[in-house]
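Below: one structure, written as structure tokens.
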Amino acid sequence: MFPNRKLLAATTLALCSALAAAAQVERSWLKYGEVAELYEKFESIAPEQRRGLQFRLRLDPNTPQPAGALRLFVQDKARRAEVAQSGEGVIELPRDAQWRRDDPQLVLEAPAGVKVGLAVEVLIDLPQPGSSRRYADWMHDVQAAASGMRKHAGFWALFMPKPEGLELRYPAGTAATARLGGTVWQVDEKGRLVVPQNVKQDENLPLELSSPPLLARPYFKTSITLMPSGESAAK
């Protein structure tokens, strides 16, 4: 007698789902105030110095994870609220005066053994469609964004790398270029296009982009991620 293939498939799927759910573990991650303070530090920068910049925080696992694999909650004695996420693990911490005073725990749900840091990023506003921006203006924004990030580093700002140019991100597989006079840069296979600083061209020339990028930010050779001390024990 042959097995019921539909039943077998359904049972296998249910088993896989159960195993996946079992692999998720919860642990204390950071305190609410530690993350809220990062927003507050950026907001304390004079408005004219952060004009054209956007601040964001992103969950940064040590290995790639599928969407939805990482979840973050604010947990106090009275309530538990999930922290909203958008693409690439960008979080939007609920700003709550009571939580700021009480400083509850942030609880992370993640696959067992996956260590998760908090990436601090300052993005540069993109030009309006149909407009362009001078190379000098892009590089000015790169330095301003890097200064905004350095403000969060405290003592560790002494060891923070300096930006080496402008990073433009495109969907993977996009054939995009940036041109400054006679110099052209191309996007790589991961969708990253890096325009270096101190190019030997007239900095007042426009940086011509073949297509609008998804985002722009300072380019660092090493990523800047805050790693909670307890993550080293993740098993």
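Calculate how steeply helix 32-43 sits against the longest principal axis of the alpha-carbon atoms of the chain, using the helix alpha-carbon long axis, and give the answer as 0 to 90 degrees to the nearest 10. With both axes taken from Cα atoms, the answer is about 20 degrees.
Diffusion of the range 175-233 by Stokes-Einstein, at 37 °C in a medium of 0.692 mPa s and with Rh set to the Kirkwood radius over alpha-carbon pairs, works out to 235 µm²/s. For the range 86-235, the solvent-accessible area works out to 53 Å² per residue, with a probe of 1.4 Å and every protein chain left in place. Packing-based ranking of 181-187, 50-56, 127-133 yields 50-56, 181-187, 127-133, ordered from highest to lowest mean Cβ neighbour count within 10 Å. Between the Cα long axis of helix 5-23 and the first principal axis of the chain there is an angle of about 70°, rounded to the nearest 10. Each eigenvalue of the Cα gyration tensor of the chain, multiplied by 5 and square-rooted, gives one semi-axis; in descending order these are 38, 26, 15 Å. Summary value for the chain: 23 percent relative contact order, contacts being C-alpha pairs under 8 angstrom separated by 6+ residues. On the chain, 55 percent of the accessible area sits on carbon and sulfur atoms, based on a 1.4 Å probe. Couplings for the range 67-73, taken from phi via the Karplus curve 6.51 cos²θ - 1.76 cosθ + 1.60 with θ = phi - 60°, read 4, x, 6, 10, 10, 10, 10 Hz in order; Gly and Pro are left as x. Against the main long axis of the alpha-carbon atoms of the chain, helix 135-150 sits at an angle near 40°.
Distance from the alpha carbon centroid of the range 170-203 to that of the range 55-90 works out to 32 angstrom. For the range 221-235, the Karplus equation 6.51 cos²θ - 1.76 cosθ + 1.60, evaluated at θ = phi - 60°, returns couplings of 5, 10, 6, 10, 10, 8, 10, x, 4, x, 5, 5, 8, 4, 10 Hz by residue, with Gly and Pro reported as x. Of the GluC sites (Glu not before Pro) found in the range 170-235, those that fall in a DSSP loop while having at most 11 other beta-carbon atoms within 10 Å are 189.
The values are calculated or read from the model by the stated rules, or taken from the named source; none is laboratory data. Quantities reported herein were computed from a predicted structural model and do not represent experimental measurements. Every residue, glycine as well, gets a Cβ built from its backbone with ideal geometry; the counts of neighbours run over all protein chains shown. Each accessible area value is taken on the protein alone, full model and side chains, heavy atoms only, with ligands, DNA and RNA left out. Shrake-Rupley method; radii C 1.70, N 1.55, O 1.52, S 1.80 Å.
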